[in-house]
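Report on one structure; see the data block that follows.
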Amino acid sequence: METASSVKGSTTSQISSLQYSSDINADSLEPDQSEDFQTVLGLKYLPSWPAVNLQFSELCYVVPDQTNASKTKTILRRVNGMFHSHELTAIIGPSGAGKTTLLNLLAGFGAVCESGEILVNNSPRDMRVFRKMSRYIMQTDVLDSQFTVLEMMILAANLKLGKELNLKQKLEVIDEILGMLRLKDTLNTMAQKLSGGERKRLCIALELVNNPPVIFLDEPTTGLDDLSSSQCIALLKVLAAGGRTVICSIHTPSAKIFEMLDAVYVLAEGQCVYQGKGSNIVPFLKNFGLCCPITYNPADFIIEVACLEYGGSYHEPMVEAVGNGKVARWSPPAVEGETTTTKTDTTSGASSFYERDQFDEEISPKLLEAKCSWWLQYKLLLVRMLIQMWRDKSYIKLKFYMNIVLALLVGSLYFGMGTSASKALFNFGFMFTIVIAYLYLPMMPVLLYFPTEINLLKREYNNQWYRLSSYYAAMVTSKLPSMFILAVIYLSIVYLMSSQPLEWFRFAMLFTIAFVTALTSDSFGLLISSRLSLVNAMFMGPVLAVPLILLSIYGIGYGGGTYISPLMRFLMHLSYLRHSMEGLVASLYDYGRADTICEDTEIFCSFKKSKVLLAFLGFENMHYLWSLSCLMSFYLLFTVAAYFMIRLRLKHSEVSPIFAYVIQLLTKYFNFTSYNY
Amino acid sequence: MTLLPDIKASDAACCVGGANSDASSSSGVCSLKGHHGDPDSGCLGINCCTTAASSELSIDETSSTSSRGSCELTSKVTNDLNGFQSPNYHQAVAHANFDHCDPVDIQFADVRYTVKKFSFPERKFVTKEILHGLNGSFRSGELTAIMGPSGAGKSTLLNVMSGFCSTGVSGDIRVNRKPMAPSSERFRQMLCYIHQDDLLRPQLLVGEIMLLAAHLKLGFKVTKAYKMDLIKHILSLLGLDHRYNVPTGKLSGGQKKRLAIALELISNPPVLYLDEPTTGLDSSSCSSCVALLKKLASQGHTIVCTIHQPSALIFEMFDKLYTVVDGHCMYQGPVRELVPFLADQQLVCPSYHNPADYLLEVAVGEHQRDLNELIHAANKKYYEDVDRHRYMSSDDMARLVESIKENMGGKAVVKTSEALAAFAAAQFSSFDYVKPSPQELALEEIKALSGGPESADPDLLEKNLRPQPQPLAKAGELARPPNAIRSASFLMQYVLLMQRILICAKRNYFLLLARIFSHIFIGVVFGYLYMNVGNNAQSVLGNYVYLYGSTLLLVYTGKMAVVLTFPLEIDMLTREHFNRWYKLGPYFLSLISFEIPFQSLCTAMYIIISVHLTGNDATDSFRIYYFMLLGIMASLSAQAWGFFVGATLPTKLAVFLGPILAVMFSVFGFCTRYIDITPLFRWMWHLSYFRAGFHGALNAIYGMDRPFLECPETAMYCHFRSPKVFLKYMMISDVHMSDCLILMGIVIGVMHVLTLITLWHKLNKR
């Protein structure tokens, strides 16, 4: 094994020297590359996967047409191709050619192809195994803004490597990866302070923690400037030279970036028009009578040809020349003698190198085991969420001061009402404000922040960081401390200021009901925002809350003699705020409360006794434990439903035909317009 | 001398590969023909020479083929026009007015731009300079590209030159060698700014939005036939004539980009600024867009655009390149001189490299060169170009150029009487080179068309010419565009914008239907929940809750529907207002003229349904009218608050704070009495429009001497049988209806005025 590694290393170094000798800045770049090569091969402690060659044949992908329900639109038309290990391959083409679709199909990222097959090292792909081998890095960088680079790397290492390595070994691995990606200077920098290129490299570094052999990148240079783009592609080339299979889709590569690519796969109108080295594009197009001017970028030129800028008669011949991707590496005919001997030698050397590398090694079963137990994942994620909450200082202060201000305001409004018989009806209003407060205060932040948070969850979950259940359990648990503290502050202030009876068991009962109401509202907001976008969630949340508010205070003033129909009684039970109101009223007026004080200014106090008030408000049949049980049931119901909604969203399951048909009907007949901010 | 611009235009038209049936080219050829008298062989000779020149200059066969084909097509069009029987006067005038615009050259010297922002670590305002003394010129007839790496200041330079950013700008900016501030009204009349993202209302058709822009920009002193001809001409020029009846939401990216350009071409501005017109488009859309810009430049427009990573095919279409690096100019000059310029600095562009990409690589420091040397070389080249132009001018022009050069050297130029005399002499001498006015060109075109013996009646021609007298060209009016037409008046702007709102509402009726149905649905739900509580003495509290819930619903729906959609409108308003489509007053008036009646209609529908179901309509009918009026006023107060919140805050914060404020203010009046409120917060009681609406509704239902309520026989005693007892218990017996209505009216007026002030501040102070 050591001999093979050393032979591989030396060969790679020679190829690297040959490739970079043509660069203008070869002198300055070569020492860094040599050092990096030693680092790449020296990644100790990490699991070593076998090299992967990815081959696909006859891939086809169709989607329903947006305007016509009966027609379909073909995105990919029976394309073929092969992506080698040790190579950085770029999928390029004009807009709408199917680059991202092909990348998603190969990665298994939310798309299922209609026909065709994908081979991994000449064997049919096992999706479960492949998901553990490959990583998909999205176009948008989603990072936690409250953590430093080192902290994020440590968390990724803990989640992915588990207890196999101790902390010192993990730090060594992190140091090697960050050194490879030139991020050592940013160890203690917050993620929000990084530049665009650094954020992109950090996203790559987080996925390199367990050394995946296949890396997919969706347009890694979009949004970066020219220097960051060049650095990013150069680093991807280093990763590929280390034995990985790196596949990315690039929109418009510049000439400098184009020269760094090992292989190019050009798509146009869902078909492959070229596959091979980038330097062979110029002779390839010359075969069809298209001469690339010397001031043109060959990548731009072939994309413009694919866009039919030079006429529409070149598409079919190009597809036939490469067999729609069946020709894995197009090269000019040798008999013409147009290619230089240097290029021939380079090509031959690369081919022999790749041939030698295609060993069919068995994947060790240990690689497929989960490194981190459920409990360890839950603990790590819980700590991360608590730290994230603690570091958002401005948000903590905002919530803290808003709670105090609201408490003082409500307390001032209901000052001294608890002991006054003539104001018993308004004390009922005081309990109503508690219900309203603990409906809106927990729900609105969830509706506001969770649609943003789910992007981070989607990225980490799809790249096999953790299980969804451990994340969800940590998320639910991490909210309890702050909600508890804020509830203690708020309820203590309003309870004392409004002169409610100073009995500990009544305050404890009231606190329990209010706290469970807050938890239920939080899970209700989570359930709403798990399926809707930000603006739709912000609109639907308060709208759905209005019927709950109405049902919670239904029936007051009717008295005991009024008949309530069974249907209405059933609807009242559906509102968890109704149970909150009943619980609050029971905690303050039930269990033999003493008579309230009747001031001298009042001639007659009709609500001096608790029984009369309860009968008048229609709450005489309530029971505290029943209300608390119903609230707990609603909380569990919303929590479990939100979990399954999130799981359904992350699975990228196909939309059912009935739902798609309803959407098309709405679009066609009602001009359905959804706000997608 | 008159022949030169026409020949140049024809040559440029032939050089553009895609110009095969251009009316501009045909009119140019006709003018050429008119001047020569017997021009058939001469015209063809010129075209043949142009073809030969193109063949020599082109680097591959495709361009030659395109040039040859376009020349043949031009000849064909000319032959077709010879057989044209009756001249269309309006069409001719429209074409003439559009195809020629006055040349505008913009020179700028020592332009600097600084921004102030608060630095938290230092706790003070920090001034940062972004542009460092830029010099340059944008000439008419040229397509100029501003390039540079990210963060170099490209968009900043464009914003400064267009007046989109006016605070913090210093330097000398001249238009046709006369000083003019970019934020002045005369400067803004001659330019338009087309942004990177296209904000179009997806419900309007292409023809409708073009006609609306024509009405707004050209006013109603111009006939509709003229406008329709102008619109058809512009759309055919931009390749959108087959999209006349297509909604703008269905257009592709390239077509949307061209439509955004077409909308601004209606007023025929001499200067066009475009911010990254090719971003987000694919390769063929990029090519057609830049080719269109080149065609517009060949007609005399001054076009400046920032561009990011163009391909070589697109890069070659630009006439001039202006490169910005860290707020400095690194290169300024023709595109074809870029590679020799870099070669002079020992920077050789490799083979099969795009010069634009290579330039950016140099700019970001990838080739280890000192950028200051390039900046100095660029400045030196600029001064040499200025010196080169000096020899072509008269002595007076040379004196002016020397003054400009001294000004660039940092010296203050004292304007003496001699300088003023030089200015007057310059104006007088430049009078000889002013191109003929569009009316003269129209006259020449009509004469050429009617040269045959089968021409129309001379009396008819004279009759057509009489309403268009040619104005006298004065020296003082040289800077003003001769075809400046007064835009629409306040009332017409309001009517046009109102029509647009109604059309959009008719076609995108899902949101409106959702609002109507939600009111109906909740009205039915409320009515069923509180059925027949209106006249029952035992269910007074139930009716109390119903009135509270009604007010809460009306306040909420009035506010949230506006908070959601208004921030999106502000972006469209900002750029349409900057490009001088309309003023702020007509826009805001049309906006509230639609929202207020619609919200009132929804409120009325809700109240009619729920009042009937709850049995509150059993007594006098005037109580229902009072209730409806109060509900409408409360809803409109919340809507005015929603406008203000939407105009002030971003969407996320507005959507979050809207319901919080509504719920907070709704506590007053429902669960409290005035006497119980802490004196510290009693001012909230007086200012809460929710309380005013709610208490007014209670007074409408139970006040104003309502007789006793019915008490069921099963009840022994009804405490609130007399409405006075209930009102006294709630301490609202002293509520006056006029006070509630006045308070809500004040809230509506004040919030709308604050919204208007906020919008005005956003639009004019930037």
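The values are calculated or read from the model by the stated rules, or taken from the named source; none is laboratory data. Since the model is a prediction, treat every value here as computed from it, not as a measurement. Note that we place each Cβ from the backbone using ideal geometry, even for glycine, and neighbour counts take in every protein chain shown. In case anyone asks, the SASA skips ligands and DNA or RNA and just uses the protein heavy atoms, side chains included. Shrake-Rupley method; radii C 1.70, N 1.55, O 1.52, S 1.80 Å.
Residue-wise test of (1) at pLDDT 75 or above; (2) out of contact with any Leu (no Cβ under 6 Å at 6 or more places or on another chain); (3) more than 14 Å from chain A (Cβ to nearest Cβ).
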{"site": "B:LEU293", "(1), (2), (3)": "yes, no, yes"}
{"site": "B:THR302", "(1), (2), (3)": "yes, yes, yes"}
{"site": "B:PRO310", "(1), (2), (3)": "yes, yes, no"}
{"site": "B:GLU316", "(1), (2), (3)": "yes, yes, no"}
{"site": "B:LYS320", "(1), (2), (3)": "yes, yes, yes"}
{"site": "B:ALA356", "(1), (2), (3)": "yes, yes, no"}
The range A:243-255 - residue that is open to solvent by 10 Å² or more (accessible area, probe 1.4 Å) and within 14 Å of chain B (Cβ to nearest Cβ) and, of those, farthest from A:THR295 (Cα to Cα):
A:HIS251
Is the range B:201-209 home to any residue that is open to solvent by 30 Å² or more (accessible area, probe 1.4 Å), free of Cβ contacts under 8 Å to residues at least 60 places away in the same chain and in a helix (DSSP H, G or I)?
no
Does A:ALA240 count as in a helix (DSSP H, G or I) and open to solvent by 10 Å² or more (accessible area, probe 1.4 Å)?
no
Where residues in the range A:413-425 are open to solvent by less than 10 Å² (accessible area, probe 1.4 Å), in contact (Cβ under 8 Å) with a residue 40 or more places away in the chain and not in a loop (DSSP other than H, G, I, E, B), which of them is farthest from the other protein chains (Cβ to nearest Cβ)?
A:ALA424
Mind listing whichever residues of the range B:526-543 are surrounded by 24 or more Cβ atoms within 10 Å (Cβ to Cβ) and of a type in the set (Ser, Thr, Tyr)?
B:TYR530, B:SER539
Of these, A:LEU439, A:LEU398, A:LEU448, which one is open to solvent by 40 Å² or more (accessible area, probe 1.4 Å), within 13 Å of another protein chain (Cβ to nearest Cβ) and either in a helix (DSSP H, G or I) or not aliphatic (A, V, I, L, M) (or both)?
A:LEU398
Of everything in the range A:243-302, what is touching a strand residue (DSSP E or B) at 6+ places or on another chain (Cβ under 8 Å), among the β-branched types (Val, Ile, Thr) and in a helix (DSSP H, G or I)? Give them in sequence order.
A:ILE281, A:ILE302
Only one of (1) open to solvent by less than 10 Å² (accessible area, probe 1.4 Å); (2) at pLDDT 85 or above does not apply to B:ARG623, and that is (2)
Hey, can you tell me all the residues within the range A:186-218 that are closer than 26 Å to A:LEU105 by Cα, more than 17 Å from the chain's Cα centre (by Cα) and either among the charged types (D, E, K, R) or part of a loop (DSSP other than H, G, I, E, B) (or both)?
A:ARG201, A:LEU208, A:VAL209, A:ASN210, A:ASN211, A:PRO212, A:PRO213
Hey, any hits in the range B:312-328 for a residue that's open to solvent by 10 Å² or more (accessible area, probe 1.4 Å) and assigned to a strand (DSSP E or B)?
yes
What number of residues in the range A:208-234 are open to solvent by 10 Å² or more (accessible area, probe 1.4 Å), more than 14 Å from chain B (Cβ to nearest Cβ) and among the aliphatic types (A, V, I, L, M)?
0
Which condition number in (1) more than 10 Å from chain A (Cβ to nearest Cβ); (2) within 24 Å of B:LEU709 (Cα to Cα); (3) out of contact with any Phe, Trp or Tyr (no Cβ under 8 Å at 6 or more places or on another chain) is the one that B:TYR528 fails?
(1)
Limited to the range A:471-507, what total is found for residues that are buried (at least 18 other Cβ atoms within 10 Å of the Cβ) and either in a loop (DSSP other than H, G, I, E, B) or on the phi > 0 side of the Ramachandran plot (or both)?
3
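Taking into account only those residues within the range B:337-354 that are polar (S, T, N, Q) and open to solvent by less than 60 Å² (accessible area, probe 1.4 Å), which is farthest from the other protein chains (Cβ to nearest Cβ)?
B:GLN345
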Of all residues in the range B:495-525 being assigned to a helix (DSSP H, G or I) and at the interface with chain A (Cβ under 8 Å from one of its Cβ atoms), the one that is nearest to the chain's Cα centre (by Cα)
B:ARG507
Only one of (1) away from every other protein chain (no Cβ under 12 Å); (2) over 34 Å from the mean Cα position of the chain (by Cα) fails for B:GLN332. Which number is that?
(2)
Going by the conditions given, is A:ILE294 at pLDDT below 80 and within 12 Å of chain B (Cβ to nearest Cβ)?
yes
Note on the range A:426-454: residues of a type in the set (Phe, Trp, Tyr) and without any contact (Cβ under 8 Å) to a residue 40 or more places away in the chain are A:PHE426, A:TYR449
If a residue must be of a type in the set (Gly, Ala, Ser) and either surrounded by 19 or more Cβ atoms within 10 Å (Cβ to Cβ) or assigned by the TED database to the domain that holds A:GLU219 (or both), how many such residues does the range A:146-165 contain?
2
Tell me whether the range B:706-720 contains one or more residues that are among the hydroxyl-bearing types (Ser, Thr, Tyr), at pLDDT 75 or above and either open to solvent by 10 Å² or more (accessible area, probe 1.4 Å) or closer than 24 Å to A:ASN427 by Cβ (or both).
no
